[in-house]
1. Rank Thr11, Leu131, Pro175 by how far each Cα sits towards the positive end of the charge dipole of the chain (+1 on Lys, Arg Cβ; -1 on Asp, Glu Cβ) and give me just the farthest.
2. Could you identify which residue out of Leu380, Leu119, Leu297 has the top mean-square fluctuation in a GNM of the chain using Cα springs shorter than 10 Å?
3. Of Ala276, Ser247, Ala287, which is farthest towards the positive pole of the chain's charge dipole, taken about the Cα centre with +1 and -1 on the beta-carbons of Lys, Arg and Asp, Glu respectively?
4. Once phi is turned into θ = phi - 60°, what whole-Hz ³J(HN,Hα) does the Karplus curve with 6.51, -1.76 and 1.60 give for every residue of the range 253-265, x standing for Gly and Pro?
5. In Å and on Cα atoms, what radius of gyration and Dmax does the range 48-145 show?
6. How much accessible area per residue does the chain have, in Å², with a 1.4 Å probe?
7. What does the net charge come to around Gly58 if you take all other residues with beta carbon closer than 9 Å to its beta carbon, with K and R at +1 and D and E at -1?
8. Who wins for biggest fluctuation among Gly160, Gly235, Gly98 in a Gaussian network model of the chain, springs between alpha carbons below 10 Å?
Amino acid sequence: MTVTENVPAATASLPPLAARARSIGGSPVRDILAVTARPEVINFAGGLPAPELFDAEGIAAAYRDVLAETPARALQYSTTEGEPALRAALAARTSARGLATDADDILVTTGSQQALSLLATALLEPGDTVLVERPCYLAALQAFGFAGARVVAVPGDEHGIDPGALEELVVRERPKLLYTVPTFSNPTGRTVPAARRAAVAEVAGRCGLWIVEDDPYGELRFEGERVPWIASYEGARDRTVLLGSFSKVMAPGLRLGWLRAPAELRRACAVAKQAADLHTPTVNQLAAARYLADRDLDAHVARVAAVYGERRDAMLAGLADALPAGSVWTRPEGGMFLWARLPQGYDTTALLPEVVRHDVAYVPGAPFHAGEPDRATLRLCFVTQTPDEIAEGLRRLGEGLRAA
């Protein structure tokens, strides 16, 4: 009898990942959160709303009512554009804040982060240029990078983008869009004043430029006066996409955001969303609409903002002792973050491991930059911890920086 030996067949190597997947790294913030997940760590790194301030009872009641009264609808597929009741409520809230909006102007998204991905799909070809602030929201840099865009930072100052520098870059680079978080920016916490917004809108209107105005933090104001959206200025009305989110004012776990855009671009984003996820979960949309109908979201946000203001004050009170002499930092009028710059020669990325050994964490500023980073900068989130925890965290931060 002949014995045949089973020899494994040679296996061919698999095709590689797409170049964009190989070249775009993960979020440094997520990496830091993974390293600092120990409960004893006071984490100023994450952009996490304070969970004890969620209106869990009100949100639960909205879900109960929706599932009790319209279960078949709540658990069924929905339209890509979003549930009519939610779109109408969002349009009413936007109109009440000075920007006339119809329900048809709104596309509901699965978090406002999805809105960025949809816009990148609808607007950008590989190699197109996108202009951003310096520094810029990290996940926006990721979204534009995945689209193959060339990302260029616009010079600015403590008041935001320099309109003159913006116009020079538009003429030279011929970008598709400008991305900005003009109110309580992530990561700096700064707010662009009205005159600067008007100038940016004028450049966009005269030179031909889409503006993507991201506003996840604007309702979290605890001092000063509200500044109109760039989208409300005459030169920008037909070329500005306004993004909003419930993540910071209701709860991030709902994953509910939206975009308000001119009709042609909104339709293109809806087609892109059909390919991405068909629609945002129906039950979440209906629960949010029910919450808006039955509860006073503005009153809830005012309570949250008051607490966040106290926590900002606690952080500002302790920074001088925690950071090296010669450091400077922003004083935000709202939002969740402040931005600090240590004296020349400090590298906050290199300092972080020693700081984490003291059971406290921040986000180094370098990843927030498109192009040459400012390595002496860092971002601190002041909303997640209580004032006493903030004071202790800053004490540990000071010890860690001195030990490094």
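The values are calculated or read from the model by the stated rules, or taken from the named source; none is laboratory data. Here the structure is a predicted model, which is why all the values come from computation and not from measurement. Note that each Cβ is placed from the backbone with ideal geometry, even for glycine, and that neighbours are counted across all protein chains shown. Accessible surface is based on the protein model in full, side chains and every heavy atom, while ligands, DNA and RNA are left aside. Shrake-Rupley method; radii C 1.70, N 1.55, O 1.52, S 1.80 Å.
1. Thr11
2. Leu297
3. Ala276
4. Result, ordered by residue: x, 5, 6, 10, x, 7, 10, 10, 8, x, 4, 4, 5 Hz.
5. So, for the range 48-145, Rg and Dmax equal 17.5, 50 Å respectively.
6. Values: 17990 Å² over 404 residues.
Accessible surface, normalised per residue, equals 45 Å².
7. Working: positive: Arg295; negative: Asp55, Glu57, Asp294.
Summing Lys and Arg as +1 and Asp and Glu as -1 gives -2.
8. Gly98
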